[in-house]
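The values are calculated or read from the model by the stated rules, or taken from the named source; none is laboratory data. Treat the numbers as computed from the prediction; the structure is a model and nothing was measured. Because the Cβ atoms are built from the backbone with ideal geometry, glycine has one as well, and the counts that use them run over all protein chains shown. Only protein heavy atoms, including side chains, enter the accessible area calculation; ligands, DNA and RNA are left aside. Shrake-Rupley method; radii C 1.70, N 1.55, O 1.52, S 1.80 Å.
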Amino acid sequence: MTQFHGSEYLSCCAKHHVDGNKWRPFQKPNTPPMWCRDRLVDVEHVKIDITPDFDAKSLSGTSTLTVRPINEGTKFVELDACEMTISGVKVGGKNARHEYDGQKLTIFFEPTPAADRELEITVAYSTKPRRGAYFVGPDEKYPDKHREMWTQGQDEDSRFWFPCFDYPNEKASSEVVAHVPKGMTTLSNGKLLSKKADGKLEVHHWRQEIPHVAYLVTLVVGDYVKAEQKWDGLEVSYLVPPGREEDGKRSFDKTPKMVELFSRLTGVKYPYEKYSQITAVDFIFGGMENTTATTQTELTLHDARAHLDFSSEGLVAHELAHQWFGDYVTCRDWSHAWLNEGFATFMEIMWQEHANGWAEAQYYADGDMKAYLSEDRGAYRRPIVTNVYREPLDLFDRHLYQKGALVLHHLRGMVGDRLFWKAINRYLGKHGKQSVITQNLMDAFQEVTGRNLEWFFAQWVFGGGHPEFKVAANWDDKNEQLELKIEQKQPKDDLTGVFRVPVKVKFVWEGGEETREFEISEASHRYFIKLARKPKMVLFDPGNTVLKTLELDFSEDMLVNQLKGAADDVMARVYAARELGKKGTAAATQALAETLARDNFWGVQAECAEALGKIHSEAALEALSSSKVKHPKARRAVAAALGEWLGDKSAKALMPLLRKDESYFVEAEAARALGRTRSALAFDAMVAALSKESHNDVIRASVFGGFCELRDMRALEVMKEWTVYGQPWQARLSAIYNIGRLAHYSTDDRAKMEVRELLEPLLEQDFRTVMNAIGGLEALGDVKAVAALEKCAAGALDGRIKRRAQNAAAAIREGGGAPKELKALREDYDTLKKDYDDLKNRLLKLESPGVKAKAASPAKKKGKK
């Protein structure tokens with residue numbers, strides 16, 4: 001499963017700040033542990049015979065389970081069945097006594113069956129599901145909306161659309177017999193066995209032979225066009241709404257190559273009879289890895305202009321990887337869900353390495369690190385594996401996904417490719433079609449490598465945090481040796497200690513180099529190293545496979561050498577750029593400006609742009625303003641960096657990027673950055689940009705985010721218009737969130753009240769509207785919104801909504817609302833910022849009179865981008 005990564009949802013995520021070195025707890029004190037669920041019977045097969053009613057938005061049918069009691073004396077079985085009308089229950093074809101409380105269906109066995117005896121349980125039911133199954137279609141305000149019905153089982157929502165044992169430690173084969181309107185397409189697990197007419201309906205019969213868990217059972221119904229590809233005789237297909245065929249090709253065309261790669265890497269050939277992907281409107285996740293039949297958000301479909309710097313490949317690779325990691329082997333209980341999600345996120349990196357090269361893979365992994373750090377620093381710290389949670393979806397966070405992936409990335413670097421993939425093959429081969437825990441993975445690695453890795457899993461998976469390295473290097477001319485000091489600076493507590501880290505260090509001098517390996521196991525190490533010559537570069541962890549943060553206490557010359565000379569190591573150049581951005585000297589500015597223009601990888605150019613923005617000098621502004629970088633992702637970074645300066649000069653540099661760029665996303669970033677300049681030129685230009693159509697309305701969404709930075713209260717009325725039901729959907733969601741953010745800065749109590757009263761009713765709408773309304777209310781900070789948020793949390797069926805609303809209410813109570821003096825304080829801050837910039841520029845001129853950093857001419861292309 002891929003969590004939704006739309007900009008408005010990310011804006012609502014990590015909003016809880018840390019106090020010094022103290023993290024908020026992941027869960028409230030005294031939250032009880034959640035243990036793996038018991039099984040009274042072994043479920044062998046599930047057959048769902050179902051009729052969706054699009055007009056009534058209801059489902060009716062039967063769920064038939066073939067089970068065998070595990071123990072003697074089993075008198076009953078309990079099924080999950082939420083908010084249903086149960087019209088009959090049979091065991092072995094005979095009516096059975098049962099009790100139902102709206103959540104659990106208890107079925108009594110009379111007489112008590114022998115252990116291992118096969119029993120067939122049939123439940124006749126109907127429901128108007130509020131979870132698990134969703135009906136989507138056109139209405140008066142959105143007449144072109146695609147008509148669909150789709151299901152979504154993870155984490156424990158299949159119980160809302162068919163009676164089942166809804167927990168990941170139970171696997172069964174499955175059938176779905178769907179009675180749907182004639183002409184509609186269906187997609188479900190496994191093979192389509194038959195399609196027959198039945199009056200005004202058609203009966204589509206699907207069967208999945210290899211056992212899987214209940215949350216992976218799927219049914220999607222709608223009007224779709226199917227495109228079919230092949231890999232080694234396997235059907236690899238995708239289904240999209242009519243008219244989106246070319247967008248579908250851009251999004252899914254590389255899937256067969258991914259199937260080939262993952263089959264080769266794991267040594268386990270794709271294990272199922274087909275692989276299909278289908279898009280869903282208003283999908284509540286990014287994607288869902290239903291066995292053989294992945295559901296993807298329709299937001300991943302994109303046009304040719306978006307394709308310049310937007311790709312579906314990460315999402316597609318993630319969900320495909322789940323067919324091995326999550327479907328073929330499945331976490332036994334939710335505390336071990338990183339075995340699903342961490343692996344799928346790691347396989348995204350593997351695809352990047354295969355398809356786009358090592359540089360892209362390194363920087364992609366660094367993106368995972370940034371995502372993890374934003375949660376670790378801004379919200380909470382927790383072990384990857386923990387059974388202390390309230391809702392399973394609480395665990396589906398950046399520790400589970402991104403940190404889990406980076407732990408695997410580190411493990412691969414530590415044991416090497418051959419042993420890593422041999423261990424993965426052992427793990428999959430031994431546990432295929434089964435449920436697993438982390439111990440099973442650790443055992444596979446220990447068996448294959450011959451190494452005791454309990455320490456590795458203890459610190460990385462069952463412990464919290466990561467090493468925060470500070471590395472200093474000083475050359476001693478007299479003794480011709482290098483003093484290398486390596487410190488772990490992370491705060492130590494019960495959750496995070498000193499890490500044991502095998503790490504390589506590469507020493508590069510004129511005409512030679514040497515790589516040594518060190519075992520870091522203490523808070524501080526100091527080494528005196530004899531080298532042939534004084535090193536120009538000291539590359540700590542070349543290839544950047546260790547999960548860490550890194551501060552380089554190197555001379556400016558060494559950092560410049562690393563920035564310009566570490567040609568085969570993207571992250572070495574990135575770390576150098578970040579350190580030079582902290583130094584802020586004229587020489588640092590010049591080196592960053594030259595590298596911005598000349599580096600052959602866009603990610604390094606982007607880091608240089610960000611570093612120049614942090615230097616915040618006139619020379620840095622000139623370098624960014626005159627930049628001619630070609631890669632659109634690098635231009636995005638340039639636009640973002642230009643937003644670091646207040647006033648018209650940076651605003652004028654941003655105007656051309658906002659008016660017309662080949663990339664939607666560059667224009668979007670320019671709009672956001674323009675707001676940050678607080679220029680008088682910004683408001684009208686940003687309002688004009690609202691006329692621009694773009695992929696998923698990214699430009700309009702960024703304009704609304706930019707309004708919050710601009711803090712021009714005229715934008716409140718503009719955004720109010722865009723919050724109305726019927727406005728373009730993605731733009732509306734962004735307006736809902738950002739209107740609360742902007743109103744927070746208002747000193748007009750009536751304006752704040754109006755925004756609160758606009759947002760509170762939205763807490764009763766669809767998932768994404770609710771999530772953005774919660775975010776808007778939290779940003780607004782009005783204590784009068786707490787009651788509405790608490791009511792929303794109490795009534796929420798989705799664990800994400802419940803937790804988000806609870807956290808928002810708590811944050812508002814702690815903040816106590818915004819003081820009336822806030823606007824004056826903000827204005828004082830802006831004045832101080834300008835004064836600081838003026839002083840810094842005067843000091844830089846005194847440091848280097850007559851030296852002016854400027855963007856260097858782009859060099860000729862060398863090597864592969």
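Give me the distance between the Cα centres of region 711-765 and region 783-816, rounded to whole Å.
Between the Cα centres of region 711-765 and region 783-816 lies a distance of 18 Å.
Where the only charges are on Cβ atoms (+1 Lys, Arg; -1 Asp, Glu), what is the dipole of region 320-452 about its Cα centre, to the nearest 20 debye?
Working: 15 positive and 16 negative charges, 85 e Å.
Taking the Cα centre of region 320-452 as origin, the dipole is about 400 debye.
I'd like the trypsin sites (Lys or Arg not before Pro) in region 577-635 restricted to DSSP loop residues with at most 16 other Cβ atoms within 10 Å, sorted by number. List each step's numbers first, then the result.
Details: sites: ARG578, LYS582, LYS583, ARG598, LYS614, LYS628, LYS630, LYS633, ARG635; in loops: LYS628, LYS630.
In loop regions of region 577-635 (DSSP not H, G, I, E or B), the sparsely surrounded trypsin sites (Lys or Arg not before Pro) are LYS628, LYS630.
If each of GLU480 and SER691 carries a label point 7 Å out from its Cα toward its Cβ, how far apart are those two points in nm?
7.2 nm
List the GluC sites (Glu not before Pro) in region 686-736 that DSSP assigns to loop (not H, G, I, E or B) and whose Cβ has at most 15 other Cβ atoms within 10 Å. Which are they?
GLU693
Using modelled backbone amide H atoms (1.01 Å from N, in-plane), which distant-in-sequence or interchain residues come within less than 5 Å of GLN765's amide H?
VAL770
Lys/Arg Cβ at +1, Asp/Glu Cβ at -1, dipole of the chain taken about the Cα centre: which of LEU658, THR449, VAL724 is farthest positive-ward?
LEU658
Can you list the trypsin sites (Lys or Arg not before Pro) in region 370-477 that are in a DSSP coil and have 16 or fewer other beta carbons within 10 angstrom?
On the way: sites: LYS370, ARG377, ARG381, ARG390, ARG398, LYS403, ARG412, ARG418, LYS422, ARG426, LYS430, LYS433, ARG451, LYS470; in loops: ARG381, ARG390, ARG398, LYS433, ARG451.
Within region 370-477, the qualifying trypsin sites (Lys or Arg not before Pro) (loop, at most 16 other Cβ atoms within 10 Å) are ARG390, LYS433, ARG451.
Along the Cα→Cβ direction, 7 angstrom out, place labels at ALA56 and ARG813. What is the inter-label distance in nm?
4.3 nm
Would you kindly derive the ³J(HN,Hα) couplings of region 636-641 from the backbone phi angles with the Karplus curve 6.51 cos²θ - 1.76 cosθ + 1.60 (θ = phi - 60°), listing them in order in whole Hz, with x for Gly and Pro?
These are the phi-based 3J(HN,Hα) values: 4, 5, 4, 4, 4, 5 Hz.
Out of residues 5 or more away from ALA293 or on other chains, whose amide H comes under 5 Å of its own, with H placed 1.01 Å from N in the peptide plane?
SER276
From the phi angles alone, apply the Karplus equation (6.51, -1.76, 1.60; θ = phi - 60°) to region 272-284 and give each ³J(HN,Hα) in whole Hz, x where the residue is Gly or Pro.
In residue order, the calculated couplings are 10, 7, 6, 9, 10, 10, 9, 8, 9, 7, 6, 4, 8 Hz.
Residues in region 693-727, backbone N under 18 Å from the label point at GLU140 (7 Å along the Cα-to-beta-carbon vector): list them, ranges by number please.
It comes to 724-727, nothing else.
First compute the accessible area of the chain with a 1.4 Å probe, then give the percent of it belonging to carbon and sulfur atoms.
The nonpolar share, carbon plus sulfur, comes to 49 percent.
Please list, ordered by chain and number, the residues whose modelled amide H lies under 5 Å from the amide H of PHE165; skip anything fewer than 5 residues away on the same chain.
Residues meeting the criterion, in which the H sits 1.01 Å from N, are ASP80.
I'd like to know which of ALA588, GLY675, ALA641 lies farthest towards the positive end of the charge dipole of region 539-687, counting +1 on Cβ of Lys and Arg and -1 on Cβ of Asp and Glu.
GLY675
Report, to the nearest 10°, how far helix 648-659 tilts away from the longest principal axis of the Cα atoms in the chain, using its own Cα long axis and a range of 0 to 90°.
40 degrees
Please find the FRET efficiency linking LYS196 to GLU110, where r is the Cβ-Cβ separation and R0 is fixed at 22 Å, and quote it to the nearest 0.05.
Between LYS196 and GLU110 the formula returns 0.05.
Magnitude of the Cβ-charge dipole of region 164-246, K/R +1 and D/E -1, about the Cα centre, nearest 20 debye?
For this selection, approximately 240 debye.
Considering only protein heavy atoms, what per residue accessible area in square angstrom results for the chain with a 1.4 angstrom probe? Provide the component values of the computation, followed by the final result.
Values: 34600 Å² over 865 residues.
In whole numbers, the chain has 40 Å² accessible per residue.
Any idea what the dipole of region 510-623 comes to, in debye rounded to 20, about its Cα centre with Lys/Arg Cβ at +1 and Asp/Glu Cβ at -1?
Magnitude of the dipole: close to 200 debye.
Residue-wise, which Karplus ³J(HN,Hα) couplings in Hz belong to region 795-802, taking 6.51 cos²θ - 1.76 cosθ + 1.60, θ = phi - 60°, and x for glycine or proline?
Per residue, the Karplus-derived 3J(HN,Hα) values read x, 6, 8, 7, x, 5, 5, 4 Hz.
Along the charge dipole of region 270-339, Cβ charges K/R +1 and D/E -1, which of ALA280, HIS336, ALA306 sits furthest on the positive end?
HIS336
Relative to the present Cα-Cα distance, how much length would full extension add between GLN765 and SER374 at 0.36 nm per residue of separation?
Stretched fully, the GLN765-SER374 segment lengthens by 137.9 nm.
Starting from the Cα of ALA680, move 7 Å in the Cα-to-Cβ direction to define the label point; list residues of region 651-668 whose amide nitrogen is under 19 Å from there.
Only 651-655 fall inside the zone, counting backbone N under 19 Å.
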